[in-house]
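The values are calculated or read from the model by the stated rules, or taken from the named source; none is laboratory data. Please read these numbers as outputs of a predicted model, since none were measured by experiment. For neighbour counting, all protein chains shown are included, and Cβ atoms are generated from backbone atoms with ideal geometry for every residue, glycine included. Calculation scope for accessible area: heavy atoms of the full protein, side chains included, ligands and nucleic acids excluded. Shrake-Rupley method; radii C 1.70, N 1.55, O 1.52, S 1.80 Å.
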Amino acid sequence: MALLAVNNLTKVFGGLSAVSDFNIELHPGELVGLIGPNGAGKTTVFNLLTGVYEPTEGTIQFNHENIVGLKPYEITQRGMARTFQNIRLFSNLSVLDNVRIAYHTHVKYGLTSAVMRLGNYYKEEEEMTRKAIEFLHIFNLDRKKDEIAKNLPYGEQRRLEIARALAAKPRLLLLDEPAAGMNPQETHELMNLIKWIRDEFKLTILLIEHDMSLVMGACERIYVLEYGMIIAHGTPEEIKSNPRVIEAYLGEEVAHA
Amino acid sequence: MQKILNKRIILTILVLGLLYGSIQNLIVQGKLNPYYEINLLLIGINIMMAVSLNLINGFTGQFSIGHAGFMAVGAYTSAVLTVKLQQPFPLAILAGSLAAALIGFLIGLPTLRLKGDYLAIATLGFGEIIKVVFVNIEYVGGASGLSGIPHITTWNWVFFLTAFTVVFIKNFINSTHGRACISIREDEIAAETMGINTTKYKVMAFTIGAFFAGAAGALYAHYFYIIQPNTFNFLKSIDYLVMVVLGGMGSITGSVLAATALTIISALLQRFAEIRMVIYALLLIVIMLFRPQGLMGNKEFSLSILERLGRGEKHGSVSSK
Ligand SMILES: Nc1ncnc2c1ncn2[C@@H]1O[C@H](COP(=O)(O)OP(=O)(O)OP(=O)(O)O)[C@@H](O)[C@H]1O
Ligand SMILES: [Mg+2]
């Protein structure tokens, strides 16, 4: 059964259809790519899935539930987490606090325990900190836990954003150009890491990426978006040889990937 | 971990106990003249106002400039209870705080859809509306105010409620609920997509902030015998805003220091009432020029800074615990 099933998703901004008649189906455990030229509507799709934008039309079934109209936090609580193309960390907070905040929905102690320092306050805070450090460790950031997020180098900020998304314990993880701005070495390591966390945390991942070799190498299936519409989907091999894709967008890049 | 925390708690209690004991001692021996007493109590009340406003403005990032309005609700509600309904003071304080919290909740719901400047203007409008409402209620004396309020507020009341306010808000901030508020300040969209119900936490910050402003209002009313709508005007709200900005948005100790310092400066400038606001304004301009993040920025002053300085360490982040 599909974890995510999107039907006829459409988003119109003023007169412009950023996304139209978008259909996608993701099965548990898949690592799927979403590619397309600048302005194709990829980020808009993520914003629709996560409830940041409300669709003009269409349905989004997540885990057998229609999530259209839910607030972003409600969708996150149902098991979807994301990163942002233009990094959105809690930039004045420590690396550790960035991750601890994502853990918020799983904390059980209430306001009274918090203020009176009663009940499970200490226990849960300690547990949360321990788990946050575990996530940071995966991304090799645990030694930087007390640094202020905005002072991290760019590549580390990107990794921190993924760590934060993971801490929300999602079933579906949406990554918007996670390797943007990284050098080839970092990109390669990140891709291996993404595959590893997919297996380790039994995740389903939808990934937007500009780097062709990266998408082709990592993803099992790829959707190609142009002018808000899906023009092709299939395995990397099929996409590489799809004339429509080559013509519309990828050109020589695909042939060389 | 737990051990260190306990050490901190014991230390805090010791420091507070010492402060309380020495001032209590002065009062008992009759060495504290009324002028000092007034200002001492004002410091406490202003700390309550500044710290509670900081929760809304500094920590949650919602620019509110109508905090005196909540104080007015607390002051009037509590005074009506003691003067008109002959209820005991503790009940009056509680009712005043709850009434302010209720108003904070009701104001919070619709206005928190607004952001930045728009929210500021809405809260400003709210403060003025509260004032006008009291002007028009004859039952509470209209424009001339409510007088004959019993003088019940003592150093004890102010000290313990101020300490309670500071500890409450500090503990709130250092919990997952407080971090939810802070994440809204940092990036509302990211907060929301990390599973935080931003509307709930904004309203919560407003409600808690208003609650303590209401308590401060109740203490104020029962110290000065009389309250008038004009006591809680726009300038009063600005006073508290200045304390928060001066101390540092997002620093509780900053608010405590700034509220204390500005109360003392105001008292010293009392004799030059005409130029008081000018000096006040100049002070602000100078501070904003040289230290726009406020005295403490978003850091907290704690004894561990002193320890670290003692050991000669220069950097490392200041503890926020
Ligand atoms: N909030 C908005 N209001 C109006 N137009 C928008 C909005 N968000 C996106 N758009 C428009 O929708 C189209 C798709 O944008 P989107 O950001 O989804 O593209 P993208 O595929 O992510 O591009 P890129 O590769 O550059 O990130 C663009 O024409 C963009 O200008
Ligand atoms: Mg994009």
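Quick notes
- Near pairs, Cβ below 6 angstrom, 6+ apart or cross-chain, from region A:109-136 (within 11 Å of chain B (Cβ to nearest Cβ) and over 23 Å from A:Arg164 (Cβ atoms)) to any residue that is open to solvent by less than 30 Å² (accessible area, probe 1.4 Å) and among the aliphatic types (A, V, I, L, M): none
- Of all the numbered requirements in (1) at pLDDT below 95; (2) open to solvent by less than 10 Å² (accessible area, probe 1.4 Å); (3) more than 24 Å from A:Arg117 (Cβ to Cβ), B:Phe206 misses one, and that requirement is (3).
Residue by residue, here is whether (1) free of Cβ contacts under 8 Å to residues at least 12 places away in the same chain; (2) open to solvent by less than 10 Å² (accessible area, probe 1.4 Å) holds:
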site: B:Gly21; (1), (2): yes, no
site: B:Leu32; (1), (2): yes, no
site: B:Leu41; (1), (2): no, yes
site: B:Met48; (1), (2): no, yes
site: B:Ser64; (1), (2): no, yes
site: B:Met71; (1), (2): no, yes
site: B:Ala100; (1), (2): no, yes
site: B:Ile107; (1), (2): no, no
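- Unique match (being in contact with a His (Cβ under 9 Å, 6 or more places away or on another chain) and either without any contact (Cβ under 8 Å) to a residue 60 or more places away in the chain or within 18 Å of B:Ala72 (Cβ to Cβ) (or both)) among B:Leu235, B:Leu257, B:Leu219, B:Leu241: B:Leu241
- Selection status of B:Phe232, farther than 19 Å from B:Thr165 by Cα, surrounded by 21 or more Cβ atoms within 10 Å (Cβ to Cβ) and of a type outside the set (Ser, Thr, Tyr): yes
Yes or no, residue by residue, for (1) assigned to a helix (DSSP H, G or I); (2) over 19 Å from B:Leu94 (Cβ atoms):
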position	(1), (2)
B:Ala143	yes, yes
B:Pro150	no, no
B:Phe160	yes, no
B:Phe164	yes, no
B:Val167	yes, no
B:Asn171	yes, yes
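- Against the conditions (1) open to solvent by 60 Å² or more (accessible area, probe 1.4 Å); (2) at the interface with chain B (Cβ under 7 Å from one of its Cβ atoms); (3) farther than 25 Å from A:Gly155 by Cα, A:Arg88 satisfies every one except (3).
- Unique match (being closer than 17 Å to A:Ser20 by Cα and either of a type outside the set (A, V, I, L, M, F, W, C) or more than 7 Å from ligand 1 (Cβ to nearest atom) (or both)) among A:Gly39, A:Gly69: A:Gly39
- Entry remark, region A:30-75: residues being in contact with a Ser or Thr (Cβ under 6 Å, 6 or more places away or on another chain) and in contact (Cβ under 8 Å) with a residue 40 or more places away in the chain number 5 in total.
- Of all residues in region A:1-42 being buried (at least 21 other Cβ atoms within 10 Å of the Cβ) and not in a strand (DSSP E or B), the one that is nearest to ligand 2 (Cβ to nearest atom): A:Lys42
- Here A:Glu126 meets each of (1) acidic (Asp, Glu); (2) within 22 Å of B:Ile196 (Cβ to Cβ); (3) touching a strand residue (DSSP E or B) at 6+ places or on another chain (Cβ under 9 Å) with one exception, condition (3).
- Of all the residues in region A:59-111, those that are on the phi > 0 side of the Ramachandran plot and in contact with a Lys or Arg (Cβ under 9 Å, 6 or more places away or on another chain) number 2.
- Members of region A:43-73 found to be open to solvent by 10 Å² or more (accessible area, probe 1.4 Å), aliphatic (A, V, I, L, M) and within 16 Å of ligand 2 (Cβ to nearest atom), listed by number: A:Val52
- Lone unmet requirement of (1) open to solvent by 60 Å² or more (accessible area, probe 1.4 Å); (2) in contact with a helix residue (DSSP H, G or I) (Cβ under 7 Å, 6 or more places away or on another chain) for A:Ser113: (1)
- Within the span defined as region B:242-251, one or more residues are under 28 Å from B:Ser144 (Cα atoms) and not assigned by TED's automatic domain parsing to the domain that holds B:Leu16.
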